[in-house]
1. List, please: which pairs have Cβ atoms under 6 Å, are six or more places apart or on different chains, and start with a residue in segment 43-71 that is part of a helix (DSSP H, G or I) and end with one that is among the small types (Gly, Ala, Ser) and at pLDDT 90 or above?
2. Residue by residue through segment 1-37, note down the ones that are open to solvent by less than 70 Å² (accessible area, probe 1.4 Å), modelled with pLDDT under 60 and in a loop (DSSP other than H, G, I, E, B).
Amino acid sequence: MVFLAILIIIASVALGFFVLIQESKGGGLASNFASSNQIMGVRKTTNVVEGITWGLAAAILVLCLWTAFKCKKEYMANHPELQQTEQTQEAE
């Protein structure tokens, strides 16, 4: 469980970094990185940064859902008295 939390934190920090270097309407930091790296070109750098941003966002979503299901499963295993049981009504 701690491992998943650490992965979520790392992915969140990386997402923040890639959002900050993404090119905005005012230029952004991606234009500075693109000018120093002429092999990829400006447009490809922007596409790569945007793809990484979407990938990290999807990874955080999946990791959070996975953690929630694992936490619920572990909690229910440790608290069996909370397990829901079906109650039937006796016929009169």
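The values are calculated or read from the model by the stated rules, or taken from the named source; none is laboratory data. Everything numeric in this text was worked out from a predicted model, so none of it was measured. Counting neighbours? That spans all protein chains shown, and the Cβs are built from the backbone with ideal geometry, glycine included. For the accessible areas, the whole protein counts, side chains as well, though only heavy atoms, and no ligand, DNA or RNA atoms are used. Shrake-Rupley method; radii C 1.70, N 1.55, O 1.52, S 1.80 Å.
1. Leu56/Ala11; Leu56/Ala14; Ala59/Ala11; Ile60/Ala11
2. Gly27, Gly28, Asn37
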